[in-house]
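Step one of this worksheet: look at the structure below.
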Amino acid sequence: MKNILKYITIAAVFVLAGSISAEAQPGRRFYVDAGWQFNGAFGNDVVKNASGWGAYAEGGYYVLPRIAVGAFISYNTNNEYIPRQTYIYPDGAALTTDANNSLFQLPFGATLRYRLGWKTLQPYAEAKIGANFAREYTYYPTMAARDSQWGFYISPEIGLTWHPFHKSNFGFQLAAYYSYATNRSDAFGMNGISNAGFKLGISF
């Protein structure tokens, strides 16, 4: 019985110490980030260009002083102009024209963040996992072709939030990321989508 009480006492001390440590964390326990996203798509036959047509939003809660769990959503549109060329179809027909390819992506899911500190400058590393909706377009002068599908999404990210105002959770964010999605399209010759880019935004 004494041993049981001893173990219960030790466990209670650890729980109390953890609670005190968590409550001692400066600032709010949650964060919200949102802003502009610049994305480069590569490793596919649809588009290989970088584009600034993107945005992101995410939020999380620090379950421990340095570790937060949360959710994210973002979107990107990458476009590429295809110069005039001749397309031969299986039935022998031919079409000579220029075209514009477009790749739209909408990833969303869960995040796990680890921050190195909680002072004015807060560098962090983050992992994202979730789903990615993608839609591909080819625009010709007289017609358009498209395809869409879902894929699995994973993304590591490193970043920095800067909170310049004393006792305020408002700040600015800069981050760089890589992502991979398993989206496939036989019509567009796509087997997976790799992305890399950076984000500029505000943090609350």
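The values are calculated or read from the model by the stated rules, or taken from the named source; none is laboratory data. The structure displayed is predicted, hence computed values, not measured ones. Note that we place each Cβ from the backbone using ideal geometry, even for glycine, and neighbour counts take in every protein chain shown. Accessible surface is based on the protein model in full, side chains and every heavy atom, while ligands, DNA and RNA are left aside. Shrake-Rupley method; radii C 1.70, N 1.55, O 1.52, S 1.80 Å.
Below is a table of values for the structure above.
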{"quantity": "Extension gain, A144 back to L160 (0.36 nm per residue minus Cα-Cα distance, nm)", "calculated": "1.6 nm"}
{"quantity": "Three-way shape call for segment 149-204 based on the alpha-carbon gyration tensor, with the a/c threshold at 1.5", "calculated": "prolate"}
{"quantity": "Probe 1.4 Å, accessible area per residue of segment 74-196, Å²", "calculated": "55 Å²"}
{"quantity": "Heavy atoms of F170 accessible to a 1.4 Å probe, total area in Å² rounded to 10", "calculated": "70 Å²"}
{"quantity": "Compactness of segment 36-88 as Cα Rg over 2.2 N^0.38 Å, two decimals", "calculated": "1.78"}
{"quantity": "Projected label distance in nm at D98 and N79, using a 7 Å step from Cα toward the beta-carbon", "calculated": "1.3 nm"}
{"quantity": "In nm, spacing of pseudo-spin labels at A196 and R66 (7 Å Cα→C-beta vector)", "calculated": "2.8 nm"}
{"quantity": "Heavy-atom accessible area order for K167, K199, largest first, 1.4 Å probe", "calculated": "K167, K199"}
{"quantity": "Sites D186 and A57 - FRET efficiency at Förster radius 25 Å, r taken between beta-carbons, to 0.05", "calculated": "0.15"}
{"quantity": "A125-T86 pseudo-label distance in nm [points 7 Å out on the Cα-to-Cβ vector]", "calculated": "5.5 nm"}
{"quantity": "Trypsin sites (Lys or Arg not before Pro) lying in DSSP loop within segment 103-164, provided at most 14 other Cβ fall within 10 Å", "calculated": "K119"}
{"quantity": "Three-way shape label, segment 59-204, alpha-carbon gyration tensor, a/c 1.5", "calculated": "prolate"}
